[in-house]
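Report on one structure; see the data block that follows.
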Amino acid sequence: MRRAPLALAVPAAAGLAFLVLPLAGLLVRAPWSTLPQRLADPGLLAALRLSLVTAGLATVLCLLLGVPLAWVLARSGFPGRRIVRALVTVPLVLPPVVGGVALLLVFGRRGLVGGWLDATFGISLPFTTAGVVVAEAFVAMPFLVISVEGALRGADARYEEAAATLGAGRWTAFRRVTLPLIAPGVAAGAVLCWARALGEFGATLLFGGNVRGETQTLPTLVLTVFQVDPADAPALSLPLMAVALIVLAALRDKWLRPVAAS
């Protein structure tokens, strides 16, 4: 390890301060003396519980849809694959508010798919708990797909070919050979997906709403509290900050290195 030149060390220190100071300000301004009472508020607990449940359900939905999509992108050749891959990553750069509007236009009661769901099955997704799950899955799935696709590209396909020569079908080879090989990538993608879903705000607010006990997640509660009493917002933000730090630390120590090594 060499010492960084001054021309790089100074802007690097400034960049670090730019990223760390807002987090430090959150910790400094947090009302530590009354924090236990604030965190025990029933509204906060309900929002936290709903956030954990919806983020978990969104992650399950992403696993069911995202792992097969990643396999198709990594192992199948078809026209327009690059375009499909680009479309999969669009939610990463799409403003969450725009994503919420797009979801309303598709899954709203008068949307392209929502109108049919409402007329045929009586299912209405907007401003429901299910709508929160859909919004969170929409913004979080690219993290899973990218991670799993990278793991699939790094895995040796000869193991699957060997399983095929021994008589294993494609599904058996995928379940008993491919999945164990890419398990670290799936785990990393699932955790990133869950963390992104837990912190989602814009699409959730527009598509799911902000109804206490039904669609009010912890990020939307922070906005509501900040509009009424800004002094309480730092206390409510600490659980989200703690989850983010725990997820990043866990990924750094357990999953990112095996994926990179593959």
(message) If I build a Gaussian network model for the chain, linking alpha-carbon pairs within less than 10 angstrom, which residue out of Gly167, Gly15, Gly77 has the largest mean-square fluctuation?
(response) Gly15
(request) May I ask you to derive the FRET efficiency for Val84 and Arg49 from their Cβ-Cβ distance with R0 = 41 Å, giving the value to the nearest 0.05? (result) 0.65
(message) With only alpha-carbon atoms in the gyration tensor, what are the semi-axes of the equivalent ellipsoid for the chain, in Å, largest first?
(response) 35, 28, 17
(message) Restricted to Cα positions, what overall size does region 71-118 have along the principal axes? Three whole-Å values, descending.
(response) 37, 25, 15
(message) If R₀ is 30 angstrom, what is the calculated FRET efficiency for the pair Ala4 and Leu245, using the beta carbon separation as r and rounding to 0.05?
(response) 0.75
(message) Positive end of the dipole of the chain, charges at C-beta (+1 Lys, Arg; -1 Asp, Glu), about the Cα centre: which of Ala86, Leu19, Val133 has its Cα farthest in that direction?
(response) Ala86
(request) Treat every Asp and Glu Cβ in region 75-165 as -1 and every Lys and Arg Cβ as +1, leave all other atoms uncharged, and give the resulting dipole magnitude about the Cα centre to the nearest 20 debye. (result) 280
(request) Largest first and to the nearest Å, give the Cα extent of region 1-91 along each principal axis. (result) 58, 52, 24
(message) Give me the one-decimal nm value for the distance between modelled label points at Glu214 and Leu65, 7 Å along each residue's Cα-to-Cβ direction.
(response) 2.3
(request) Give, to the nearest whole percent, the P(r) tail of region 67-150 beyond 17 angstrom, counting all Cα pairs. (result) 55
(request) Give, in nm to one decimal, the length gained when the segment between Arg109 and Arg176 is fully stretched (0.36 nm per residue of separation minus the Cα-Cα distance). (result) 19.9 nm
(message) Using only the alpha carbons of region 132-242, what is the convex hull's orientation-averaged projected area in square nanometres?
(response) 8.6
(message) Give the separation of the Cα centroids, region 209-243 to region 120-173, in Å.
(response) 31
(message) Please give the charge dipole size of the chain, origin at the Cα centre, charges +1 on K and R Cβ atoms and -1 on D and E Cβ atoms. Round to the nearest 20 debye.
(response) 760
(request) Pop out the ³J(HN,Hα) list for region 224-231 in order, Karplus 6.51 cos²θ - 1.76 cosθ + 1.60 with θ = phi - 60°, rounded to Hz; leave Gly and Pro as x. (result) 4, 5, 4, 6, 9, 9, x, 5
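What's the extension gain from Val93 to Thr34 if we count 0.36 nm per residue and subtract their Cα-Cα distance? All intermediate terms of the calculation are to be shown ahead of the outcome.
Details: separation 59, 0.36 × 59 = 21.24 nm, distance 3.81 nm.
That pair, Val93 and Thr34, stretches by 17.4 nm at full extension.
Read-outs: derived from the displayed coordinates by stated rules, not from any lab. Predicted model, so just to flag it, every value in this text is computed and none were measured. Cβ coordinates were reconstructed from backbone atoms using ideal geometry, including for glycine residues, and neighbour counts include every protein chain displayed.
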